[in-house]
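**Student:** Could you have a look at this structure, given as structure tokens, before my questions?
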Amino acid sequence: MDKVEKYELLTRQIEALIAGETDAVAVMANVSAVIHEAMRFWWTGFYRVAHKADSDEKELVLGPFQGPVACMHIGFGRGVCGTAWKRRETIVVPDVEQFPGHIACSSESRSEIVVPVCSAEGVVVAMLDIDSKELGTFDETDKKYLEGICKMLNCL
């Protein structure tokens, strides 16, 4: 199966998997698992937008994921995830070492894609973050299908 066929099947699986589910953690857990398993990425998971302790400021906090341990807190505008959150747009990074301010949770991560997840009201509530051990893993096909998947998650 080529990449497009995998994403077509994956999209249908996720649609069926989350139909009627309203619990955000359950949705993120299963969606990260099914993407990770189907596409064989190195790290697949979510960062949730949450209030910092004792503050009105918000940050990204590690949510459900598949893969090795990860950074638990990421500030607005920091690293690939924080920058994608600030810009409210998907960022594809062919070589993380070339991304200014990249946060290295692991030296094994070589390329990355981060996709915002918005609520039904259009507010960014989470980020889908996927890393690869290979350079240049992610392209416009990944961007298109992962953005489509994230649009299905407006129940978060």
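The values are calculated or read from the model by the stated rules, or taken from the named source; none is laboratory data. Quick caveat, the model's predicted, so the values are computed rather than measured. Every residue, glycine among them, receives a Cβ derived from its backbone with ideal geometry; neighbour counts consider all protein chains shown. Just the protein is used for accessible areas: all its heavy atoms, side chains included, with ligands, DNA and RNA removed. Shrake-Rupley method; radii C 1.70, N 1.55, O 1.52, S 1.80 Å.
**Student:** Are there any helices in the chain, counted as whole DSSP H runs, that stretch 20 Å or more along their axis by Cα and score at least -1.0 on average by Kyte-Doolittle, and if so which?
**Tutor:** 3-18, 24-39
**Student:** Same structure, new question: Which net charge results for the neighbourhood of ASN30, defined as the other residues with beta-carbon distances under 15 angstrom from its beta-carbon, given Lys and Arg at +1 and Asp and Glu at -1? Walk me through the intermediate numbers first.
**Tutor:** Values: positive: ARG12; negative: GLU15, GLU21, ASP23, GLU37.
Summing Lys and Arg as +1 and Asp and Glu as -1 gives -3.
**Student:** Still on this structure: Starting from the exponent 0.38 and prefactor 2.2 Å, build the expected Rg for the stretch 1-83 from its residue count and divide its actual Cα Rg by it. Working shown, then result.
**Tutor:** Working: Rg = 14.7 Å, N = 83, 2.2 N^0.38 = 11.8 Å.
That ratio works out to 1.25.
**Student:** Related question: Give the Debye-formula value of log10 I(q)/I(0) at each listed q (0.32 Å⁻¹), with one equal scatterer per alpha carbon of the stretch 2-46, two decimals each.
**Tutor:** So the normalised log intensities are -1.17.
**Student:** Compare ASP56, ASP95 by solvent-accessible area with a 1.4 Å probe and give them largest first, with all protein chains kept in place. Let's see the in-between values first.
**Tutor:** On the way: ASP56 145, ASP95 40 Å².
Largest to smallest exposure gives the sequence ASP56, ASP95.
**Student:** So how much slack lies between LEU9 and LYS144, counting 0.36 nm per residue of separation and subtracting their Cα-Cα distance, in nm?
**Tutor:** Full extension of this stretch gives 47.2 nm more.
**Student:** Compute the FRET efficiency between ALA120 and ASP54 as 1/(1 + (r/R0)^6), taking r as their Cβ-Cβ distance and R0 = 30 Å, and round to the nearest 0.05.
**Tutor:** After rounding, the FRET efficiency stands at 0.55.
**Student:** Moving to a separate point now. Can you pull the one-decimal nm distance between simple spin-label points at GLU134 and ALA26, each 7 Å off the Cα toward Cβ?
**Tutor:** 3.6
**Student:** Can you give the FRET efficiency to the nearest 0.05 for GLU37 and ARG87, using r as the Cβ-Cβ distance and R₀ = 30 Å?
**Tutor:** 0.55
**Student:** Tell me, what does the Kirkwood hydrodynamic radius of the stretch 38-81 come to in angstroms if you use every pair of distinct C-alpha atoms?
**Tutor:** In the stretch 38-81 this quantity evaluates to 11.5 Å.
**Student:** Using the scaling law 2.2 N^0.38 Å as the reference, what is the normalised Cα Rg of the stretch 54-104? Walk me through the intermediate numbers first.
**Tutor:** Working: Rg = 11.7 Å, N = 51, 2.2 N^0.38 = 9.8 Å.
The reported ratio for this selection is 1.20.
**Student:** Something else now. Let me check something: with ligands and nucleic acids excluded, how do LYS86, LYS133, LYS151, LYS52 order by accessible area (1.4 Å probe), largest to smallest?
**Tutor:** Result of the area sort, largest leading: LYS151, LYS86, LYS133, LYS52.
**Student:** Excluding residues fewer than 8 places away in the same chain, name every one of the lysines whose C-alpha is closer than 27 Å to that of LYS144.
**Tutor:** Excluding near neighbours in sequence, the set is LYS3, LYS6, LYS86, LYS133.
**Student:** Rolling a 1.4 angstrom probe over the protein chains, ignoring ligands and nucleic acids, what is the accessible area of THR90 in square angstrom, nearest 10?
**Tutor:** 20
**Student:** Sticking with this structure for a sec: What do you reckon, how do SER55, SER32 stack up by accessible area (1.4 Å probe), largest on top?
**Tutor:** Reading off the accessible areas and sorting them downward yields SER55, SER32.
**Student:** Bins of 5 Å, beginning at zero and ending with the bin holding the largest distance: percent of Cα pairs per bin for the chain, please.
**Tutor:** Pair shares across the bins are 2, 10, 20, 25, 22, 14, 6, 2, 0, 0.
**Student:** In the full protein assembly as shown, how much of HIS73 is accessible to a 1.4 Å probe, in Å² to the nearest 10?
**Tutor:** 110
**Student:** Same structure again: Run the accessible area of the stretch 58-156 with a 1.4 Å probe and give the carbon-and-sulfur part as a rounded percent.
**Tutor:** Numbers: 2370 of 4760 Å².
Carbon and sulfur atoms account for 50 percent of the accessible area of the stretch 58-156.
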